[in-house]
Amino acid sequence: MTQGEPAVTPQAVRRTILEMLHRAKASHLGCSMSVVEMLIAMYASVDVGKIRSHAPDRSRIIVSKGHCAAATYAVMMHYGIIDPDQIRGYHTDGSMLAGHVSHGVRGVEHSTGALGHGLAVGAGCGLGLRARGYSDASVLVLVGDGELQEGSVWESLMFIRHHRLSNVVLLVDNNAISSITHTHEVIDMRPLAARFQGFGLMVAETDGHDVAGIVAAISDMRRSPTPGVVICNTVKGKGVSFAEHQPIWHYRTLSDEMYREALGGLGNDEEACRT
């Protein structure tokens, strides 16, 4: 994290997500809650000031799992990239903040949600940054475990490995649920680490709800000459007891009663990020 940046806590981000989804009567609660610590760690690993100013040598953060837009925009707001007034219009008529991330929002590098596209764009960014001599810039790409069933992801990994783009780090939200069922019931990708290793990639596996652990893994990947993947084992719906591990919360919206219950379940303890 850039010196002087405020600490962003998972608890505060989850509260913001709940407020956004409840206000807009929007879905995608489960997939937004699973990536909170991952997104915090990604922004904590780069120079956020350069992202705010849109500097050409900025690190690129690409959320290929575009349906976790609420979490993405909430974290961006807590890092001062998006204005709070803009957040209040999430998923409402006339707002730029739709249910999938869009590059029409300043600070978003690529519109995603058509799964499997983000890593290819990230590979191009990594190649371009290296060609321009921006050695301090990273490209961090977040994908879902269900998204790994898209062939374009593996084509991108072959390109990244061939060109030794060690400035590109892939982070996988391994929450084991793909839309309305368990990921392995659609296509079983297990053992996931072995598949990545078979492509000649460096692989780390970590608790996807441990900010410090994810930051450390990203740092290790960036120091290695071999491109890397961080498998983040997460809980879909994390922090909302009635939504955890429940596929239906990819689609369901919060009633007033559910919203109050979810907020109450988060508690009042603003646990500091372990970064």
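The values are calculated or read from the model by the stated rules, or taken from the named source; none is laboratory data. Bear in mind the structure is a predicted one, so any value in this text is a computation, not a measurement. Reconstructed Cβ throughout: ideal geometry from the backbone, glycine too, with neighbour counts over all protein chains shown.
Applying the set (1) in contact with a Gly (Cβ under 9 Å, 6 or more places away or on another chain); (2) not in a strand (DSSP E or B) to E261 leaves exactly one unmet item: (1). Just so you know, in segment 193-247 the residues that are of a type in the set (K, R) and part of a loop (DSSP other than H, G, I, E, B) include one that is surrounded by the most Cβ atoms within 10 Å (Cβ to Cβ), and it is K236. Screening I218, I214, I231, I177 for residues that are in contact with a Gly (Cβ under 8 Å, 6 or more places away or on another chain) and under 30 Å from S135 (Cα atoms) leaves exactly one candidate, I214.
Looking across segment 212-255, the residues that are of a type in the set (K, R) and either in contact (Cβ under 8 Å) with a residue 60 or more places away in the chain or in contact with a Ser or Thr (Cβ under 8 Å, 6 or more places away or on another chain) (or both) come down to R222, K236, K238, R252. Among the residues of segment 162-192, the ones that are assigned to a loop (DSSP other than H, G, I, E, B), out of contact with any helix residue (DSSP H, G or I) (no Cβ under 8 Å at 6 or more places or on another chain) and closer than 30 Å to A137 by Cβ come to 1 in all. With respect to the conditions (1) at negative phi; (2) of a type outside the set (S, T, N, Q); (3) free of Cβ contacts under 8 Å to residues at least 40 places away in the same chain, R52 lacks only one, and its number is (3). Within segment 133-161, the set of residues being within 15 Å of the chain's Cα centre (by Cα) and not in a loop (DSSP other than H, G, I, E, B) comprises V139, L140, V141, L142, V143, G144, G146, E147, L148.
Counting only helices (runs of 4 or more DSSP H) that sit wholly inside segment 31-103, those with at least 2 residues that are at pLDDT 95 or above, crowded, with 23+ Cβ neighbours inside 10 Å and hydroxyl-bearing (S, T, Y) are 69-78.
Across segment 15-30, the number of residues qualifying as of a type in the set (D, E, K, R), assigned to a helix (DSSP H, G or I) and within 21 Å of S102 (Cβ to Cβ) comes to 2.
The condition (being within 26 Å of D220 (Cβ to Cβ) and either modelled with pLDDT of 95 or more or of a type in the set (D, E) (or both)) is satisfied by just one residue among T2, T9: T9. If you go through segment 61-102 and keep only what is free of Cβ contacts under 8 Å to residues at least 40 places away in the same chain and touching a His at 6+ places or on another chain (Cβ under 7 Å), you end up with L97, A98, H100.
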